[in-house]
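Right, one structure below, let's go through it.
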Amino acid sequence: MNMAEAQWQGVTPEHVSGASSKLIVESVSKWFRTPRATVHALDSISIQVAAGEVVCLVGPSGCGKSTLLDIIAGLTKPDSGRVLADGQLVTGPGRQRLVVFQEPSLFPWLDVFGNVMFGLKLCPELTNDERREVAHRFLGLVGLDKFERVHVHELSGGMKQRVALARALAADPQVLLMDEPFGALDAMTREHLYDDVQRIWRDSGKTIVFVTHNMREAVCLGDRVLLMSRAPGKIIQAFDIPLPRPRSIYDVELVGHAARVADALRGTVGGGVPE
Amino acid sequence: MKRIVVASLFFMALLGIWSIASGSGRWSPVLFPSPWSVAKYLQGALLDGTLVEAIFVTMKRLLVGYAIGLLIGLPLGLLTSSSQMLEDTIGALALGLQTLPSVCWVPLALLWFGQTEGAMLFVVVMGTVWSVIIATDHGACTIPPIYARAARTMGSQGLHLWTRVMLPASLPFLVSGMKQGWAFAWRSLMAAEIYVTILTGFGLGQLLHYGRELQAMDQVIGAMAMIVLIGSLADRILFSPWERFLHRRWGTNAE
Ligand SMILES: Nc1ncnc2c1ncn2[C@@H]1O[C@H](COP(=O)(O)OP(=O)(O)OP(=O)(O)O)[C@@H](O)[C@H]1O
Ligand SMILES: [Mg+2]
């Protein structure tokens with residue numbers, strides 16, 4: 001990490017250019033119709049994410065964060081509104097927008113290495129040797145190089161999440177959609193991964209939409225933090241986090257920002273929408 | 001090791017009680033032969049070739065009927081799981097016909113096909129296909145949708161999605177569907193062989209049937225023992241390796 005330190009000075013790396021929006025979510029609404037009730041999950045959500053930007057979504061449980069990521073990924077169709085990626089209408093899932101799901105999503109019929117290779121095998125530009133090399137590298141990055149031949153059910157919950165993260169990162173998507181990826185991890189591993197995510201983001205210029213319940217995590221990783229209201233989900237407040245990187249979650253200024261977001265969130269959960 | 005000892009002691013005790021009971025002279029040895037006379041019958045049948053021939057004929061019928069049952073049942077089960085309309089029609093039909101014990105197909109088969117191999121095959125297929133449809137359908141409905149979702153975001157679609165994700169994801173229920181189908185095929189074939197007394201092939205069920213005709217109790221019991229033996233051996237050889245594989249990979253308790 002030391003060698004990179006010198007380049008970490010600027011608040012905004014140059015690949016974040018305001019002109020090019022990598023992702024545009026245009027007044028997206030979503031209802032879920034079940035035999036018993038109709039749930040209004042998302043209400044006219046509009047977001048613009050610049051290329052290379054990290055946007056964190058926070059909000060109370062059930063406010064539609066996962067649903068929004070599904071729609072951006074192209075796995076779910078919005079009932080109204082639309083999503084553009086690189087100016088192209090999103091009509092289905094694609095390799096350029098990878099999701100790290102909230103629930104375990106590893107394939108039990110493959111071992112750890114096989115799971116990471118699954119996404120890589122769908123990258124036609126790589127040779128087989130390159131694929132293996134990349135898979136080893138990313139499993140090393142999440143600290144699981146000793147577990148490559150282990151079956152999925154033999155991993156702990158946090159290890160599974162780390163494999164899922166390695167699987168997504170290895171396939172090198174332009175956009176990463178991460179749904180509480182660190183929820184099941186211990187604090188130590190998590191802090192390691194904060195550094196890693198910041199480093200990967202800086203090195204590769206990935207665009208990241210990151211869902212979390214953890215205010216400090218949101219403020220540590222995000223260039224912006226968007227606060228959603230409880231169902232029907234709406235973006236009710238946006239916070240710019242103009243802190244230099246790399247950030248540490250123990251930074252005093254960062255904790256101050258986290259407290260601001262937490263206060264606002266408490267307002268929504270309390271019932272009223274804060275100003 | 002201890003389990004093997006306990007099991008063998010149990011079966012030895014069972015044989016002991018049987019031979020004492022038959023040797024006590026309270027029951028006619030014609031109706032209640034000793035284990036030794038059954039063993040002698042089996043030895044004789046083995047040496048003169050009738051037993052081997054019967055096993056061969058039975059297994060041939062079983063495999064053909066089972067294969068046809070799977071070929072029809074697995075795709076139909078997948079189809080019913082993917083369409084509500086097929087579920088309401090073919091699925092409902094399968095659910096109803098599955099409750100029919102396979103021996104109930106015999107009168108119909110005899111009237112349609114006469115005393116032929118075709119009648120026997122028909123009974124086996126009818127006995128197998130409905131339960132395979134239901135097991136496959138049920139299993140396919142329970143594949144967690146997250147697998148396909150994750151694969152699709154990684155760019156998997158069409159044939160790749162089916163062969164690399166849906167097929168392996170469905171292995172556990174395919175195996176249980178096939179296993180259920182096997183059990184039903186075996187039972188149906190025995191029913192068919194006992195009732196369809198043709199001369200084109202002399203199977204284990206027919207051995208049992210003619211044992212009754214000839215009042216040869218040692219033959220009846222010997223044939224029954226062979227049917228039990230083959231049934232459980234087939235289960236071990238055909239399905240246990242799969243179940244062990246699934247157990248290792250999925251961490252489920254398949255045993
Ligand atoms: N497939 C579905 N069918 C019906 N309702 C759904 C479905 N998926 C989500 N919902 C509803 O939509 C709302 C938003 O769900 P979503 O999973 O997006 O919440 P979330 O913000 O991710 O919550 P959490 O933080 O607990 O993960 C919830 O009220 C949920 O009940
Ligand atoms: Mg969620």
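Number of residues in segment A:163-203 that are under 23 Å from A:ASP86 (Cβ atoms), among the charged types (D, E, K, R) and open to solvent by 20 Å² or more (accessible area, probe 1.4 Å) equals 3.
The C-beta contact set for segment A:170-189 (first residue more than 11 Å from chain B (Cβ to nearest Cβ) and closer than 12 Å to A:VAL209 by Cα, second residue away from ligand 2 (no atom under 16 Å from the Cβ) and in a loop (DSSP other than H, G, I, E, B), distance under 7 angstrom, 6+ apart or interchain) comprises A:GLN174/A:GLN96; A:GLN174/A:LYS206.
Residues in segment A:76-104 that are buried (at least 22 other Cβ atoms within 10 Å of the Cβ) and facing chain B (nearest Cβ under 8 Å) were compared, and the one that is nearest to ligand 2 (Cβ to nearest atom) is A:PHE101. All of (1) more than 16 Å from the chain's Cα centre (by Cα); (2) buried (at least 19 other Cβ atoms within 10 Å of the Cβ); (3) part of a strand (DSSP E or B) hold for A:PHE210 with one exception: (1).
Scanning segment A:77-112 for residues that are within 16 Å of ligand 1 (Cβ to nearest atom), in contact (Cβ under 8 Å) with a residue 40 or more places away in the chain and not polar (S, T, N, Q) returns A:PRO78, A:ASP79, A:GLY81, A:VAL83, A:VAL99, A:VAL100, A:PHE101, A:PRO104. Which members of segment A:57-66 meet the condition of being surrounded by 22 or more Cβ atoms within 10 Å (Cβ to Cβ) and assigned to a helix (DSSP H, G or I)? Of everything in segment A:57-66, just one residue is surrounded by 22 or more Cβ atoms within 10 Å (Cβ to Cβ) and assigned to a helix (DSSP H, G or I), namely A:LYS65. A:ASN115 meets each of the listed conditions (1) open to solvent by less than 10 Å² (accessible area, probe 1.4 Å); (2) within 13 Å of chain B (Cβ to nearest Cβ); (3) within 16 Å of ligand 1 (Cβ to nearest atom) apart from (3).
Taking each residue of segment A:23-34 that is more than 20 Å from A:VAL175 (Cβ to Cβ) and among the small types (Gly, Ala, Ser) and looking for partners that are more than 12 Å from ligand 1 (Cβ to nearest atom) and not in a strand (DSSP E or B) with beta-carbon atoms closer than 7 Å, six or more apart or interchain, yields A:SER29/A:PRO78; A:SER29/A:ASP79. Scoring A:LEU122 on the criteria (1) within 11 Å of chain B (Cβ to nearest Cβ); (2) touching a Lys or Arg at 6+ places or on another chain (Cβ under 6 Å); (3) surrounded by fewer than 23 Cβ atoms within 10 Å (Cβ to Cβ) leaves a single failure, condition (2). In the set B:SER81, B:SER24, only one residue is of a type in the set (Ser, Thr, Tyr), surrounded by 13 or more Cβ atoms within 10 Å (Cβ to Cβ) and more than 30 Å from B:GLY118 (Cα to Cα); that residue is B:SER81.
Suppose the filter is within 12 Å of chain B (Cβ to nearest Cβ) and not in a loop (DSSP other than H, G, I, E, B); does A:LEU139 pass it?
On the way: within 12 Å of chain B (Cβ to nearest Cβ): no; not in a loop (DSSP other than H, G, I, E, B): yes.
Considered against the rule, which asks whether it is within 12 Å of chain B (Cβ to nearest Cβ) and not in a loop (DSSP other than H, G, I, E, B), A:LEU139 comes out as no.
Counting just the residues of segment B:218-255 that are in contact with a Leu (Cβ under 9 Å, 6 or more places away or on another chain) and β-branched (Val, Ile, Thr), which one comes out surrounded by the fewest Cβ atoms within 10 Å (Cβ to Cβ)? Walk me through it before giving the result.
So the first thing to find is which residues in segment B:218-255 are in contact with a Leu (Cβ under 9 Å, 6 or more places away or on another chain), and the list is B:218-220, B:222-227, B:230, B:234, B:242, B:245-246, B:249-250, B:252, B:254.
Of the ones still in play, those that are also β-branched (Val, Ile, Thr) are B:220, B:227, B:230, B:252.
On the way: B:VAL220: 20, B:ILE227: 20, B:ILE230: 16, B:THR252: 13.
If we take residues in segment B:218-255 being in contact with a Leu (Cβ under 9 Å, 6 or more places away or on another chain) and β-branched (Val, Ile, Thr), then B:THR252 is surrounded by the fewest Cβ atoms within 10 Å (Cβ to Cβ).
Go through segment B:152-169 and give me each residue that's over 14 Å from A:PRO108 (Cα atoms) and more than 10 Å from every other protein chain (Cβ to nearest Cβ). Before you say what the answer is, go through the steps one by one.
Going through segment B:152-169, the residues over 14 Å from A:PRO108 (Cα atoms) turn out to be B:152-163.
B:GLY158, B:LEU159, B:LEU161, B:TRP162, B:THR163, listed by residue number.
Restricting attention to segment A:148-162, the residues that are in a helix (DSSP H, G or I), buried (at least 18 other Cβ atoms within 10 Å of the Cβ) and away from ligand 1 (no atom under 16 Å from the Cβ) total 4.
Test A:PRO108 against the criterion of being assigned to a loop (DSSP other than H, G, I, E, B) and closer than 19 Å to A:ASP172 by Cα, and give yes or no. Step through it out loud before you land on a result.
Details: assigned to a loop (DSSP other than H, G, I, E, B): yes; closer than 19 Å to A:ASP172 by Cα: no.
No; evaluated as a whole, the condition is false for this residue.
Please determine whether any residue of segment B:135-151 is open to solvent by less than 40 Å² (accessible area, probe 1.4 Å), small (Gly, Ala, Ser), free of Cβ contacts under 8 Å to residues at least 12 places away in the same chain and within 14 Å of chain A (Cβ to nearest Cβ). Yes, the conditions are met somewhere in segment B:135-151.
The listed residues are B:ALA216, B:ALA192, and the only one of them that is away from every other protein chain (no Cβ under 14 Å) and more than 15 Å from the chain's Cα centre (by Cα) turns out to be B:ALA216.
Restricting attention to segment A:34-56 and to residues that are closer than 20 Å to A:GLN96 by Cα and in a strand (DSSP E or B), the residue that is nearest to ligand 2 (Cβ to nearest atom) turns out to be A:CYS56.
The values are calculated or read from the model by the stated rules, or taken from the named source; none is laboratory data. This structure is a prediction, so every number in the text was calculated from the model and none was measured. With ideal geometry, Cβ positions are generated from the backbone for all residues, glycine too; neighbour counts draw on all protein chains shown. What goes into the accessible areas is simple: the full protein's heavy atoms, side chains included, and nothing from ligands, DNA or RNA. Shrake-Rupley method; radii C 1.70, N 1.55, O 1.52, S 1.80 Å.
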